[in-house]
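J.: Have a look at this one.
Quick note: the coordinates plus some simple rules give every number you see, no bench work behind them. The shown structure was predicted, so the numbers you read here are calculated from the model rather than taken from an experiment. In this analysis, Cβ positions are derived from the backbone assuming ideal geometry, glycine residues included, and neighbour counts consider all displayed protein chains.
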Amino acid sequence: MTVDWLAAVIMGLAGSGHCLAMCGGLAAAMGMNQSPLRLLWYNLGRITSYGLAGALVSGALFSVTSLYPDTLIYLRAVAGIMMILLALYLVRWNAALLWLEKIGAVFWRRLQPLTRKLPKTNKHGGHIFLAGMLWGWLPCGLVYSALAWAALSANPINGATFMIIFGLGTFPAMFLTGIFSYKLAHIIASKGFRWIAGLLLLGYGIATLLIALQQLQRIA
């Protein structure tokens, strides 16, 4: 199935406000009195983890969809629903995605101690990159929604590429916040921005779900 790269860009840009709420404080802390290069390494590590997650999820579904091609239609319906829930999540109308973050928190509790073992003052780019990779696995409903879309490809390479593009969509806000701190965060985390992003994702999610429902009717 053709991967919807536009969905990756939209989710990344529209979800920037949520990213700032989740780990923007860390980005700002790393940017204060630090070179932009350090913040760049951090974000590259975070996006790398997104790519790995996309490859794992879509790769796991490769054999399933090979045997049962119609599975992709159901995945499209799930992806549409996840985007609708994400839209409601961003405008704070619905906390449906929180249960996914709670599930992810079980895995995160095993990774979090590793962040404390990384050198706090070492300026080596490799350490910052590893820190970014670890924080890339932070439980996040936005990332899980993007992974649902990455799974549609049922192809490790396409799934990884989707998540990398998604990560690049979040990059401008996270990178600039680290440099300019809370000025940008105040704008992107504002109610107006959240509503615009939420409505955009809501429309995209509904359209996707309707397409999936039409496809299900054809195979019924």
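J.: Quick one: Tyr50, Tyr74, Tyr68, fewest Cβ neighbours within 10 Å first, how do they rank? Walk me through the numbers on the way to the answer.
T.: Details: Tyr50 27, Tyr74 13, Tyr68 10.
Ordered from fewest to most neighbouring Cβ atoms within 10 Å, Tyr50, Tyr74, Tyr68 come out as Tyr68, Tyr74, Tyr50.
J.: In which sequence would Asp4, Asp70 go, from the one with the fewest C-beta neighbours within 10 Å to the one with the most? Write out the running numbers ahead of the final one.
T.: Details: Asp4 18, Asp70 11.
If I rank by nearby Cβ atoms, fewest first, I get Asp70, Asp4.
J.: Order the peptides 37-48, 76-87, 142-153 from the highest to the lowest mean number of other Cβ atoms within 10 Å of their residues.
T.: Working: 37-48: 20.7, 76-87: 22.8, 142-153: 26.2.
Final packing ranking: 142-153, 76-87, 37-48.
J.: Something else about it: Sort Thr208, Thr170 so that the residue with the fewest other Cβ atoms within 10 Å of its own Cβ comes first and the one with the most comes last. Walk me through the numbers on the way to the answer.
T.: Details: Thr208 23, Thr170 27.
In order of increasing Cβ crowding within 10 Å: Thr208, Thr170.
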